[in-house]
């Protein structure tokens, strides 16, 4: 795509380049801080994200296949871990590959020559992309919270958990998806093309203060769900440790079962803790948007650009964190590790067979 800058659009091909260009030209409003931040941001989106994005899609696809196809019948929690991987795939595609990379990464790598702004193409694309982003992000937060609720039921109402495990999987999937759809619908309906700093942008057309707060707390990085989840899991660890320490004279069967419960709880605690910590940069940046009116001319453009840079780098951190979940599952969940090793061995055997056939054909 040829370089063509429309000054009426919020996004331009020079978003990651203009600050340093103005600084080199001695512009009075140029900022060295923003210039350096834009360089870091541009390099991350142009060169680091493609590697992280491919890794994310690959590892989460493997995780989803193993949990949803191979071992979901072993444990109800495995079903939701598979759904969690699917939501991470959706977030990476929508936010990473469709929005951040063509909006910031490609223009930086091509000096503004190649770019694509999907959020400002039309009113329809604005609504669809925003809704899809809200849906995948909210689904991720709801699944993490639901995993904590399942652990609560397992520990306090094991019989109720056993009854839940007998229900068909599609009931749980449908329920989570439907609730997430309803939670995401207001964001998709009220967002549209509007003016921010007198520039055309995909933003809320009304109830913006309420919806920004709602989007920050319950969608995007899902601060509310992650905070509740972290609280639940810390409580679970303390309760299980206390319970096992008071029953050291139990049978070996009960002891093994206790260790299994502790191991599962710690696994989810580690997952939720890293998810929460990696979501903080993005979440804090979103929270800052509540403190000021983005349509006001009193807000510093320099401050806004720094917030946008930090926010989008925060998404890359989230992509990296979700792509490394496979390591946690491999170390902490034995049946996942066994299934993964079996899959890798089968792939290795098939690859070796293909290579032998190719070599034999080359000599005939």
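The values are calculated or read from the model by the stated rules, or taken from the named source; none is laboratory data. A quick note: this is a predicted structure, and the numbers were derived from the prediction, not measured. Cβ: placed from backbone, ideal geometry, glycine included. Neighbour counts: every protein chain shown.
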Quiz item: Just one of the numbered conditions (1) modelled with pLDDT of 80 or more; (2) in contact with a helix residue (DSSP H, G or I) (Cβ under 9 Å, 6 or more places away or on another chain) is not true of residue 266; which one?
Solution: (1)
Quiz item: So which of 33, 3, 17, 22 is at pLDDT below 95, more than 19 Å from the chain's Cα centre (by Cα) and crowded, with 18+ Cβ neighbours inside 10 Å?
Solution: 17
Quiz item: Assuming residue 29 fulfils every condition listed in (1) under 17 Å from residue 114 (Cα atoms); (2) out of contact with any strand residue (DSSP E or B) (no Cβ under 9 Å at 6 or more places or on another chain); (3) not in a helix (DSSP H, G or I) apart from one, which condition is it?
Solution: (1)
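Before we move on, is residue 229 touching a helix residue (DSSP H, G or I) at 6+ places or on another chain (Cβ under 9 Å) and without any contact (Cβ under 8 Å) to a residue 60 or more places away in the chain?
The answer is no for residue 229.
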Exercise. Go through the range 177-193 residue by residue and tally those that are touching a residue at least 40 places away in the same chain (Cβ under 8 Å) and either buried (at least 17 other Cβ atoms within 10 Å of the Cβ) or in contact with a helix residue (DSSP H, G or I) (Cβ under 6 Å, 6 or more places away or on another chain) (or both).
Key: 8
Quiz item: Considering only residues of the range 304-337 that are more than 25 Å from residue 281 (Cα to Cα) and surrounded by fewer than 13 Cβ atoms within 10 Å (Cβ to Cβ), which is farthest from the chain's Cα centre (by Cα)?
Solution: 334
Exercise. With the condition kept exactly as written, say whether any residue in the range 158-168 is loosely packed, with under 15 Cβ neighbours inside 10 Å, under 23 Å from residue 90 (Cα atoms) and either modelled with pLDDT under 85 or over 20 Å from the mean Cα position of the chain (by Cα) (or both).
Key: no
Quiz item: more than 29 Å from residue 148 (Cβ to Cβ), at pLDDT below 70, assigned to a helix (DSSP H, G or I) and over 27 Å from the mean Cα position of the chain (by Cα) - does that describe any residue in the range 343-354?
Solution: yes
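Tell me yes or no: at least one residue of the range 73-82 is more than 11 Å from the chain's Cα centre (by Cα), closer than 28 Å to residue 341 by Cβ and not in a helix (DSSP H, G or I).
Taking every residue of the range 73-82 in turn, at least one turns out to be more than 11 Å from the chain's Cα centre (by Cα), closer than 28 Å to residue 341 by Cβ and not in a helix (DSSP H, G or I).
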Practice problem: Name every residue in the range 168-200 that is in contact with a strand residue (DSSP E or B) (Cβ under 9 Å, 6 or more places away or on another chain) and closer than 16 Å to residue 138 by Cβ, in order of residue number. | Solution: 187, 190, 191
Practice problem: Would you tally the residues in the range 289-308 being over 19 Å from residue 28 (Cα atoms) and modelled with pLDDT under 80? | Solution: 8
Quiz item: Does any residue of the range 123-142 turn out to be in contact with a helix residue (DSSP H, G or I) (Cβ under 7 Å, 6 or more places away or on another chain), at pLDDT below 95 and surrounded by fewer than 18 Cβ atoms within 10 Å (Cβ to Cβ)?
Solution: yes
Quiz prompt | Members of the range 266-279 that are crowded, with 16+ Cβ neighbours inside 10 Å and free of Cβ contacts under 8 Å to residues at least 40 places away in the same chain | solution = 269
Quiz item: Quick check: anything in the range 84-93 over 30 Å from residue 162 (Cβ atoms) and surrounded by 22 or more Cβ atoms within 10 Å (Cβ to Cβ)?
Solution: yes
